[in-house]
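S.K.: The structure follows.
None of the figures in this text is laboratory data; all of them are computed from the coordinates on show. In this text, all values refer to a predicted model and were calculated from it rather than measured experimentally. Ideal geometry is used to build each Cβ from the backbone, glycine not excepted, and the neighbour counts take in all protein chains shown.
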Amino acid sequence: MKRFSDAELQRVKDRHPISSIIGPHVTWDRAKTQPGKGDFWACCPFHGEKSPSFHCEDPKQRYHCFGCGAAGDQIRFLQDFKGMSFAEAVEALGGDAEAEPLSAEEVARQAAETARRREQAEAEAERRRREEIARALKIWNLGGRVSGTEGAGYVRGRGLLPCPVSLPIRFVPHLKYWHQRKVPGQKKPELFVLFSGPALLLPATFADGSFAGVHMTWIDPARPGKKIQIEDPEAEPNADGTRPLVAPRKYRGSQRGATLKLWTPERFDRLVMGEGWETTASPLVAEFGMPVFERTAYWVAISLQNLGGKAVASVDHPELLNTAGRPLKVPGPVPDLSDPRAIAIPDCVREFLPLGDGDSDRFTVCQVLERAKARYQTPDRVVSPKLAPDGMDFNDLLQEGASA
């Protein structure tokens, strides 16, 4: 078995910026990427997506996908994306198992330089995070009451009105939907307003109650209970000539560890949490009048991966393939318990019900639910994941008259 010293592995990574290894396999998003700072974004090469959630940082020599959880360094990327062994990946990067070890002084110098770059990158990431939260707060402050507006028509159309509690929702009659387009002769895409229309806003908060971000849902006032349907003018046409639709929902702010708190009683020992606010509001409405309602809080995880938190490792999807023709990698069932940004479940919770929608990829959802159970179950707490039937979410069940 070939062995590589820690110094040789570090030398290999220092020789090849991680963006240069990943770059040939993705298209960097020029609106979010900052090459001068070694900060790159792209649509993930490991799973299919339309919005770039794959983050690559040269100073940290790391990549991380906020959608599927894939993460690692230059060597791990070659292993997972191209199916190389560890030794093959190191040698592909020019590593030498017989390399002469570095002097103690050089090892110390490289370690100090790596630490300095990591510290700079973390400080820059924190600055960007705070700026993003500030932008999200400005959007939240645009909102007003929902009652008597087109927003109320949407909520009623989803079967969520009348609601036994006052949901923390605001309404904006004209919220801009920003999009980007390529401009001939320019490297950086141009941001433009694709449309402006009525939208619902919900606030996200961290465990300490501080503002984290805002969730936005654009609605179609001509179709109560329905979201907008706008074609993406920048997307490639489908076979029938139509174009894919833009996502009718967006989130601005910091997501990791944050939740949308729909309803929190003064005292509770039961917590229901779903990926989206309509999924979570559905059992809230369905359980009203039942004994469990008085002791239940209803929170939203904002995203599927936020519900389960970070995984220790990714696993192969049994059916789906990535762009290289290899099995798609999805975050596995074992949680990384050292993750400082996982959602914090209050100690008072004795029963936790994470909800999984049946209209998302079932294998991925099951990994998340298993991870949530392993992360949050304790001797004093029972975790009971609930999975909706195939092709349905919990709002579908509510509208069919079934209890979540």
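S.K.: Taking a ≥ b ≥ c as the square roots of the Cα gyration tensor eigenvalues, with a/c under 1.5 meaning rounded and otherwise prolate when a/b beats b/c, else oblate, which class fits the range 256-404?
M.R.: oblate
S.K.: For TYR177, what is the net charge nearby, where nearby means another residue's Cβ is under 14 Å from its Cβ and Lys, Arg count +1, Asp, Glu -1? Working shown, then result.
M.R.: Working: positive: LYS176, ARG181, LYS227, ARG249, LYS250, ARG252; negative: ASP220, GLU231, ASP232, GLU234.
Cβ neighbours under 14 Å give a net charge of +2.
S.K.: Express the relative contact order of the range 133-254 as a whole percentage, based on alpha carbon pairs under 8 Å and six or more residues apart in sequence.
M.R.: In percent, rounded to a whole number, it is 26.
S.K.: Whole angstrom only: what separates the Cα centroid of the range 118-193 from the Cα centroid of the range 360-404?
M.R.: The range 118-193 and the range 360-404 have Cα centres separated by 26 Å.
S.K.: Another question, then. In whole Hz, what ³J(HN,Hα) sequence does the range 304-310 give by Karplus (6.51, -1.76, 1.60; θ = phi - 60°), x for Gly and Pro?
M.R.: Running phi through 6.51 cos²θ - 1.76 cosθ + 1.60 with θ = phi - 60° gives 4, 5, 5, 5, x, x, 5 Hz.
S.K.: Where Lys and Arg each count +1 and Asp and Glu each count -1, what net charge lies around GLN120 among other residues with Cβ under 12 Å from its Cβ?
M.R.: With Lys, Arg at +1 and Asp, Glu at -1, the net is -2.
S.K.: Tell me the GluC sites (Glu not before Pro) within the range 151-245 that lie in a loop according to DSSP and have at most 15 other beta-carbon atoms within 10 Å.
M.R.: Counting only loop positions with at most 15 other Cβ atoms within 10 Å, the GluC sites (Glu not before Pro) in the range 151-245 are GLU234.
S.K.: Between rounded, prolate and oblate, where does the range 34-133 land on the alpha carbon gyration tensor, with a ≥ b ≥ c its root eigenvalues, rounded for a/c under 1.5, else prolate if a/b exceeds b/c?
M.R.: Oblate is the answer for the range 34-133, as a/c is 1.5 or above yet b/c matches or exceeds a/b.
S.K.: Now a separate question. Over 23 Å between Cα atoms: which of LYS182/LYS310; LYS182/LYS250; LYS32/LYS226 fall into that group?
M.R.: LYS182/LYS310; LYS32/LYS226
S.K.: Taking only Cα atoms, what is the 0 to 90° angle, nearest 10, from helix 277-287's long axis to the longest principal axis of the chain?
M.R.: The angle comes out near 40 degrees.
S.K.: Tell me which label goes with the value of log10 I(q)/I(0) by the Debye sum over Cα atoms at q = 0.08, 0.10, 0.14 Å⁻¹ computed from the coordinates here: [x] -0.49, -0.76, -1.39; [y] -0.39, -0.63, -1.29; [z] -0.45, -0.70, -1.24.
M.R.: Answer label, from the structure shown: [x].
S.K.: From the helices alone, meaning DSSP H stretches of at least four residues, give me the mean residue ellipticity at 222 nm for the chain, per-run term -39500 (n - 2.57), in deg cm²/dmol to the nearest 500.
M.R.: It lands at -8500 deg cm²/dmol.
S.K.: Rounded, prolate or oblate: pick one for the range 205-275, where a ≥ b ≥ c are the square roots of the eigenvalues of its C-alpha gyration tensor, a/c under 1.5 means rounded, and failing that, prolate if a/b is larger than b/c, else oblate.
M.R.: prolate
S.K.: Then there's this: So what is the relative contact order for the range 249-302, in percent, with contacts set as C-alpha pairs under 8 Å and at least six apart? Mind showing how you got there, number by number?
M.R.: On the way: 78 pairs, mean separation 28.1, N = 54.
Computed over the range 249-302, the figure is 52 percent.
S.K.: Can you give the net charge of the other residues whose Cβ lies under 12 Å from the Cβ of ILE219, counting K and R as +1 and D and E as -1?
M.R.: +3
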